[in-house]
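Quick notes on the structure that follows.
The values are calculated or read from the model by the stated rules, or taken from the named source; none is laboratory data. Quick caveat, the model's predicted, so the values are computed rather than measured. As a convention, Cβ positions derive from the backbone with ideal geometry for all residues, glycine included, and neighbour counts pool all protein chains shown. With ligands, DNA and RNA removed, areas are computed over all heavy atoms of the protein, side chains included. Shrake-Rupley method; radii C 1.70, N 1.55, O 1.52, S 1.80 Å.
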Amino acid sequence: MYPEIKKYTEEFNVTLVAVSKTKSVADILTLYDRGQRIFGENKVQELDEKYQQLPKDIHWHLIGHLQKNKVKYIASFVSMIQSADSLELLLVINKEAEKHQRIIPVLLQFHITRETSKFGLDLDKAKDLIDHLQNSPLKNILICGVMGMASLSDEQELIRIEFKRLKEIYDTLKNEYFRNDETFREISMGMSGDYKLAIAEGSTMVRIGSAVFGGR
Ligand SMILES: *Cc1c(COP(=O)(O)O)cnc(C)c1O
């Protein structure tokens, strides 16, 4: 499935993050040899172990929940943290990035389903967070856009509404805060089962696991 998905995302100018959680180093190398350079992991320890063992020109994205006390394990090498969902976490990422004299790109993760969840911002919380950052900027992070996960459901219309919601959130923030900021441009949405729908609704970055690696 990898070649078709690669072709599809290239055609739409969408970044493909190959989600390699639970996959072996050998599996990752197979995609690496076919040209894939961006991989996503959802656990810090697994990400760190794979980073140690794999070629250093891989761009690693953290896509899962990140605890503040674990930022230090990935701050020296991670290419993007897609799961930033609180000011406290951004402060820690900034501090750890500074230690390594790096700037870490992050996405703000939003909660877009109707199910309750501990993780993810809503629009009001995000505005408070960005207001705060505008008064006291963090020099070692770069806010590059938004990320969200749709419901795990077969209901296409439900998923479409959730993707539209994230696109609306992105547009609102872009207009109110990032109008002249070229780096705020990513909408990370879409996984194996819904990436075509996500792209149709404005995704710029898809995170695809099982469909590129075969079943998990
Ligand atoms: C696992 C995971 C994905 C990929 O899921 P697939 O259905 O295997 O494509 C995408 N995003 C996040 C946050 C994930 O945890």
Pull out all pairs, ordered by first then second residue, where Cβ-Cβ is under 7 Å, the residues are six or more apart or on different chains, the first lies in segment 63-76 and is surrounded by fewer than 18 Cβ atoms within 10 Å (Cβ to Cβ), and the second is of a type in the set (Phe, Trp, Tyr) and modelled with pLDDT under 95. His65/Phe119
Within segment 118-138, of all residues that are closer than 17 Å to Leu166 by Cα and open to solvent by 60 Å² or more (accessible area, probe 1.4 Å), the one nearest to the chain's Cα centre (by Cα) is Phe119
Look through segment 169-199, keep the residues that are free of Cβ contacts under 8 Å to residues at least 12 places away in the same chain and part of a helix (DSSP H, G or I), and return whichever of them is most open to solvent (accessible area, probe 1.4 Å). Asn175
Residue hits (segment 10-34; touching a helix residue (DSSP H, G or I) at 6+ places or on another chain (Cβ under 9 Å), part of a helix (DSSP H, G or I) and without any contact (Cβ under 8 Å) to a residue 40 or more places away in the chain) are Val25, Ile28, Thr30
For segment 177-211, which positions are under 14 Å from His61 (Cβ atoms) and near the ligand (Cβ under 8 Å from one of its atoms)? Met191, Arg207, Ile208, Gly209
Residue within segment 120-129 that is within 12 Å of the ligand (Cβ to nearest atom) and of a type in the set (A, V, I, L, M) present: no
Scan segment 77-105 residue by residue and report those that are closer than 15 Å to Leu47 by Cβ and either within 16 Å of the ligand (Cβ to nearest atom) or surrounded by fewer than 16 Cβ atoms within 10 Å (Cβ to Cβ) (or both). Val78, Ser79, Met80, Ile81, Gln82, Ser83
Does Thr9 count as open to solvent by 80 Å² or more (accessible area, probe 1.4 Å), polar (S, T, N, Q) and within 14 Å of the ligand (Cβ to nearest atom)? no
For segment 126-151, pairs from a residue that is outside any strand (DSSP E or B) to a residue that is among the β-branched types (Val, Ile, Thr), with Cβ under 7 Å and 6 or more apart or across chains, are Asn140/Ile103; Asn140/Ile104; Ala150/Ile112; Ala150/Thr113; Ala150/Ile159; Ser151/Thr113; Ser151/Ile159
Quick one: Gln134 ticks every box in (1) of a type in the set (S, T, N, Q); (2) within 27 Å of Tyr32 (Cα to Cα); (3) modelled with pLDDT under 95 bar one, so which box is it? (2)
